[in-house]
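Only one structure is covered here, and it is reproduced in the block below.
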Amino acid sequence: MDPLEYSRYARQLVAARPELREELERSKDSGWTREAIQAFLREQGTGDESALQSALRRLRQSVLLRTMARDLSGHAGLDEVCGTMSALAEVAIDASLEFLEPRMPGGPRPRVVVVGMGKLGGGELNVSSDVDLVFLYPEEGEGGGATDNLEFYTRLARRLIAALDERTAEGFVFRVDMRLRPWGDSGALATSFDALEEYFVTQGREWERYAWIKARALGSGGGNGALAAIVRPFVYRKYLDYGAFAAMRELHSQIREEVARRELTDQIKLGPGGIREIEFIAQAFQLIRGGRDPTLQIRPTLAVLALLAQKKLLPDAAFAELSEAYVFLRRLEHRLQYLDDAQTHELPESNEDRSLVAQAMGFDSWDAFRAVLDRHRARVSSQFEQVFSVEEIPKHALAPLWTGSEQTEERLAQLGFRDAAGAAARLAAARSGARYAGLPQASRARFDALVPGVIEQSAEREEPDVALARCLEFMETVSRRAAYLALLDEHPAALERLTQVLAASSWAAEYLNRHPIVLDELLDARTLFARPDWNAFAQELRSQLAARQGDEERQMDWLREAHHAQVFRLLAQDLSGVLGVERLADELSDLADIALQVTLELCWTQLPERHRDEPQFAVIAYGKLGGKELGYASDLDLIFLYEDPDERSPEIYARLARRMSRWLTSRTSAGVLFDIDLRLRPEGESGLLVSSIDAFRRYQRESAWTWEHQALTRARFCAGAAVGAEFEAERRAILQIERDEAKLREDVLSMREQLLRGHPNDSGLFDLKHDRGGMIDIEFIVQLLVLAHAHGRPELTANDGNIALLKLAAKLGLIPGDSADAVADAYREFRRRQHRLRLNGAKYARVPAAEVQNHIDATRALWRTVFGRE
C-alpha cells in the first residue's frame, strides 16, 4: 500500500520535503538499522543546538516514512517497526547527551543515566509514541563547580527534553513523558540513585512495580547494573508474590473506570480486550514469579508470553490467542497513528478513515475488519478474566464458627468433628493468638476468608480434628508472609489440595511448615500429578543456577527450593496413591542423582585452581541411594573417587569434595539439601576425603572388612565423569572374588549380632527394620548370596535391588523359588508399612507382630536355609 495514499501525514511531509520520495524507493530494499541512524546524524552535522534539533527532526521524518512504507507494503514485521522506533529514540537521546553534556556549565560530571520506561524500555516503541523517561545521577553533593548535582542534572534534563519534545517548524522528535519519575509531576526532574532507592523503600506503590518492570538504562552511558540493583528488589519479591493479582486487578479496575468515564470503550489500548490487558497478563506473572525465576525478568511482551507458555504457566491455547491478538492490535495501533502522526488509539469515526484502516489491515471492508478485531478483543478479555477473575463469593456459611458463635461446638459436632470442644478451642486460640493479632489488615482479612473453607475441607477428611489442627498450624506458620495467604485466597482448589495433603500425613505437614514455598505446586493438578521429566528438570536447574551466577546464596537457595518442589510433587502423588513405594524410591533417587550432578558441575566451575575443563571425578552412592531405595528424609552415604594423573589432582579434588559437601549440607534460608555420611570411604573417618581409583582398588582388595564388601553390593556411580565406569568395573570384580564361605557366614552373622545389640527393642512390637525376620535380615541374606556365589554367577553383581536379586538367586538354584517369592513379598510389605508409619510421624517402624507374622516366618525360614542357623 502506498503510504501517500494512506497517510495524510506522509503526503504533507513529502510535499514539504520532495527529496523524501527517495525514502519510499529505498524502503523496498531494507529498513533502518541503528548504525544507519547514527550515520545519518553524523552526515547532517550538529554544530549548535538548533542544528542538533533540526538534524534530529529530519532524521525522525526519514525513519518514520521509510518504516511506514515497509510496514504498509508488508515488508516489515512488528518487530522491525518497534525495533526501529526504539533504536531511533535511543540514538536521539544518546546523541543529544553527547552534544549537551560537554556544554553544560558546572561540568564535567558523571554521565546522567537516562532510563527508558514502558515500551521504550521494552524495545517496543510505537510509531507515534511518547517516550517515558526518568533521569538518574550517581550521587548527591557538590560537583566540579559551585552548582550542586541536583541543579546541574535538572538543567541538563530540561535541555534534553527540549531537544526531543520542542515543536519547531520541522516538528518534534518524541513527546517526552516524565510522570513515572519519583513523586510524579511534583517530583524533581532528576533523581540520585540513593534517592530513588529511598523512594522505593518508603513510598513505592504497587502500580509503580508494574511500571518499573521494563525500566532500562539507555544509550552508551551504561548504568544498567546499578539500576538493576535498586529496581529488582522493589519490583521482584524473593517469594511467589500472589498479592500482585489483587494489586493488578485494582489498577485495571481504575483504568476501566477511567475508560467508562471518558467513553473510551473503543480504545484499543486501554479499552476491554486491548493492548494493556495483554501486558497486564504478562506482567502479573512476572511480578508473581520473577523474584524466584530471573529468566522471567525480561521486557518485551511477546517474549514474556512465549516464556510463560514454555514454562507451562500459560496454556498453549492462551499463548496463541494472546500473542496473535497482541500483534494484530499493535499493527492496528500503528495504522491509526500513520494517518496523522498522532498518538491515538481510537478507532476512526469517518467512513473514509475506516476504509483506509481496514485496507491497511488487509481487509476488503470495515465490517470484515471489525469482526476480526472484536473476536481478538473478546479472546483477550476472556483470557484476562481467567487470570484475574475473582468471584463475588457470599459470606461462607461456616464463617460464624470462626468469628464466634454460641453454637460453634454443636455445629462442629454436626460436621463430624469427634472432639468438637477441642476443635472450637483450637479455633478460638488461633483467633486470639499473637500471630493473628499481629497481622496487617489485608492479611487478617484473607485469613478470615480462608478459615471457614479450612473448616469445611477438614470436615470432609477421615480424621477431621487432625486435619483442622494441622491446617490451622500451617496457616499460622505462613501468615507472616502475605503472599502465601494470597495464593490460597486466589486459588480455592489449592486450598482443597493443601487440606488433603496435611490431613494425610504428619510428615507432610511438617515438610510444608518447613518449606511453604512449595505451595505453588498445588495450583495445577496436571503438573502436580505428572510423571517427572528429569532431563527437563536438570536442564531448567542448570539454567536457573546460571541466571544466578555470582550470587552463591541465591544459587544455594534455588537448588534447595527446586529440590523441595520436586519432593513435594512426589509426596502428593504418593499420598494420592499414584506412586508405589518402589517407584517412589526410584524417583527420589533419580532426583538426588540430578542434584548431585548439578552441584558437582557448579562447584567445579567455582574452583579457581581447576586444571582441566571437566573433572575426572565421580560421586559413588552407598546404602539407600546406592540401592535406589531412597526415602524422603534419607541421608546420602557417599564416597568420592578420581582418576587423574596430574600431580595436583589429590589437592584439587579434595577441595572439590569439601566444596560439594558444604553445598549439600549448609543450612540456608531455604533449608538443607541433604545430610550426607562420608564414613564409608576407605579407612572411614580417618581416611582421605577423596581417593584415587587405584587407592580404592588396593584398599578393597587388601584391607576392607567383610561388611565393607557387603556395603559394596548396594553401591553405584551416581554423578560425575567416566571414572564412574571404572568404579563399576572394580565393584563387580571385588564382588566376584572367591571367598571362604564358612568364614563369610561367620563375618556376616557377627555383623548382624552387632546391629541387633545396637537397636534393642522392648516395646512388645515388631521392628520392621531391625528385629529378627525383618528388613535387615532380608538385606543380609541377599548380601551373603552375592558375596558367596558371584565368583561363579557374575550376574549376581548387578545392583538391581533386593527383590530382583532374591528372584535371580532362585532362578540360579541358590534358594528355593517359593521362599524367594515369599521373602520378596515380605520385603515389599515391610517397606510399605515402614513408609506409611514414617509419613505419620512414627519414630520407629514398629507394628504388632501378628499383623506380619507370615512375613516374619518366611524371612526366618530363608535365613535358616542360607545361614544354617538362627
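Peptides 56-67, 174-185 ranked from most to least packed by the mean count of surrounding Cβ atoms within 10 Å: 56-67, 174-185. Averaging Cα coordinates gives a centre for region 680-727 and one for region 61-104; these two points are 65 Å apart. Once all Cα-Cα distances of region 742-842 are split into 10 Å bins that start at 0, what whole-number percent is in each one? Histogram of Cα-Cα distances, whole percents per bin: 14, 41, 34, 10, 1.
When the GluC sites (Glu not before Pro) in region 620-676 are filtered for DSSP coil states and for at most 10 other beta-carbon atoms within 10 Å of their beta-carbon, the remaining sites are Glu647. When every Cα-Cα distance of region 257-412 is counted in 10 angstrom steps from zero, the calculated P(r) takes the values 10, 31, 26, 17, 10, 5, 3, 0 percent. Over the C-alpha atoms of region 676-819, the Rg to Rh ratio, Rh being the Kirkwood estimate, stands at 0.98. When the gyration tensor of region 40-119 is built from Cα positions, what are the square roots of 5 times its three eigenvalues, in whole Å, from largest to smallest? In descending order the semi-axes read 29, 16, 7 Å. Of the listed residues Ser576, Ser405, Ser27, the order by accessible area with a 1.4 Å probe, largest first, is Ser576, Ser405, Ser27.
Rounded to the nearest 20, the size of the Cβ-charge dipole of the chain about its Cα centre is 740 debye, with Lys and Arg at +1 and Asp and Glu at -1.
The convex hull around the C-alpha trace of region 363-509, projected and averaged over every direction, spans 11.9 square nanometres.
Taking every alpha-carbon pair under 8 Å whose residues sit at least 6 apart, region 610-733 reaches a relative contact order of 38 percent.
Accessible surface computed residue by residue for region 400-448, with neighbouring protein chains in place and a 1.4 Å probe, gives 57 Å² per residue.
Taking the protein heavy atoms of the chain in the context of the full set of protein chains, the accessible area attributed to carbon and sulfur is 48 percent at 1.4 Å. Projecting the Cα positions of Leu814, Ala826, Gly841 onto the charge dipole of region 755-841 (unit charges on Cβ atoms of Lys, Arg, Asp and Glu, taken about the Cα centre) puts Gly841 furthest along the positive direction. Taking each DSSP H run with n ≥ 4 as -39500 (n - 2.57) and averaging over every residue of the chain yields -19000 deg cm²/dmol at 222 nm.
With all pairs of different C-alpha atoms in the average, the Kirkwood value for the hydrodynamic radius of region 603-733 is 15.2 Å. The amide H of Asp132, built 1.01 Å from its N in the peptide plane, has Met117, Leu120, Asp177 as neighbours under 5 Å, considering only residues 5 or more places off or on other chains. Take the Cβ atoms of Arg648 and Thr265, set R0 to 60 Å, and the FRET efficiency comes out at 0.25.
Kirkwood radius for the chain, taken over all pairs of different Cα atoms as the inverse mean of 1/r, rounds to 32.4 Å. Looking at region 471-585, the accessible area is 38 square angstrom per residue; that uses a 1.4 Å probe and ignores ligands, DNA and RNA. The figure for Leu591 is an accessible area of roughly 0 square angstrom, using a 1.4 Å probe on the protein chains alone. Note on region 726-870: with charges restricted to the Cβ of Lys and Arg (+1) and Asp and Glu (-1), its dipole about the Cα centre is near 440 debye.
Karplus-derived 3J(HN,Hα) values for region 465-472, using 6.51 cos²θ - 1.76 cosθ + 1.60 with θ = phi - 60°, are 5, 5, 4, 5, 4, 5, 5, 5 Hz; glycine and proline are entered as x.
Rolling a 1.4 Å probe over the protein chains gives Glu49 an accessible area of about 60 Å².
Pairs of Cα atoms nearer than 8 Å and 6+ residues apart set the relative contact order; for the chain it is 7 percent. Relative to the dominant Cα principal axis of the chain, helix 78-100 is inclined by about 70°.
Computed over region 542-627, the percent of Cα pairs more than 23 Å apart is 36.
Amide H contacts under 5 Å for Ile676: Leu636, restricted to partners 5 or more places along the chain or on a different chain, H placed in the peptide plane at 1.01 Å from N. Summing +1 for each Lys or Arg and -1 for each Asp or Glu among the other residues whose beta-carbon sits under 10 angstrom from that of Ser506 gives +1. Put simply, the Cα atoms of region 516-673 extend 54, 34, 26 Å along their principal axes, the longest span coming first. Solvent-accessible surface of region 609-729, taken per residue with a 1.4 Å probe and all protein chains present: 44 Å².
Taking the DSSP beta bridges with both ends in the chain, the antiparallel portion is around 65 percent. Summary of packing: across the peptides 198-210, 120-132, the per-residue average of other C-beta atoms within 10 Å ranks them, highest first, as 120-132, 198-210.
Using +1 at the Cβ of each Lys and Arg and -1 at the Cβ of each Asp and Glu in the chain, identify which of Ala309, Tyr9, Gln343 lies farthest towards the dipole's positive end. After comparing all options, I get Ala309. What the Cα convex hull of region 137-231 gives, in volume per residue, is 132 Å³.
Which percent of the Cα-Cα distances in region 1-55 go past 15 Å? Counting pairs separated by more than 15 Å, the tail of P(r) holds 63 percent. Using a Förster distance of 56 angstrom, determine the FRET efficiency expected from the C-beta separation of Arg370 and Arg158, and round it to 0.05. For R0 = 56 Å, the calculated efficiency reads 0.80.
Could you check how many percent of all C-alpha pairs in region 71-112 are farther apart than 15 Å? Result for the distance tail: 57 percent. Taking 0.36 nm per residue of sequence separation and removing the Cα-Cα distance, the Ala317/Ser30 pair yields an extension gain of 99.9 nm. Note on region 367-450: semi-axes of the ellipsoid equivalent to its C-alpha gyration tensor, largest first and rounded to whole Å, are 45, 17, 9. Of the listed residues Thr33, Thr668, the order by accessible area with a 1.4 Å probe, largest first, is Thr33, Thr668.
With bins 10 Å wide starting at 0, give me the P(r) of region 282-370 over every alpha carbon pair, in whole percents. Using 10 Å bins, I get a P(r) of 16, 36, 23, 21, 5, 0 for region 282-370.
Its residues counted as N, region 805-867 yields a C-alpha radius of gyration over 2.2 N^0.38 Å of 1.26. Here region 489-622 is assigned +1 on the Cβ of each Lys and Arg and -1 on the Cβ of each Asp and Glu. Its dipole about the Cα centre then comes out at about 120 debye. Sequentially through region 113-130, phi angles give Karplus couplings (6.51, -1.76, 1.60; θ = phi - 60°) of 9, 9, 9, x, 10, x, 5, 5, x, x, x, 10, 4, 8, 6, 9, 8, 5 Hz, Gly and Pro residues having no value and appearing as x. Angle of helix 243-261 to the longest C-alpha principal axis of the chain, folded into 0 to 90 degrees and rounded to 10: 30°. Charged neighbours of Arg497, selected by a Cβ distance under 12 Å, balance to -3 (K, R count +1; D, E count -1).
Counting only alpha carbon atoms, the long axis of helix 775-789 and the longest principal axis of the chain meet at about 80°.
Farthest towards the positive end of the charge dipole of region 307-416, among the residues Leu373, Ala320, Gly404, is the Cα of Ala320, using unit charges on the Cβ of Lys, Arg, Asp and Glu.
Relative contact order of region 651-699: 27 percent, from C-alpha pairs under 8 Å at least 6 residues apart in sequence.
The values are calculated or read from the model by the stated rules, or taken from the named source; none is laboratory data. Since the model is a prediction, treat every value here as computed from it, not as a measurement. A quick note on method: Cβ atoms are made from the backbone with ideal geometry, for glycine too, and the neighbour counts reach across all protein chains shown. Ligands, DNA and RNA are stripped out before the accessible areas are found, and what is left, the full protein with its side chains, is counted by its heavy atoms. Shrake-Rupley method; radii C 1.70, N 1.55, O 1.52, S 1.80 Å.
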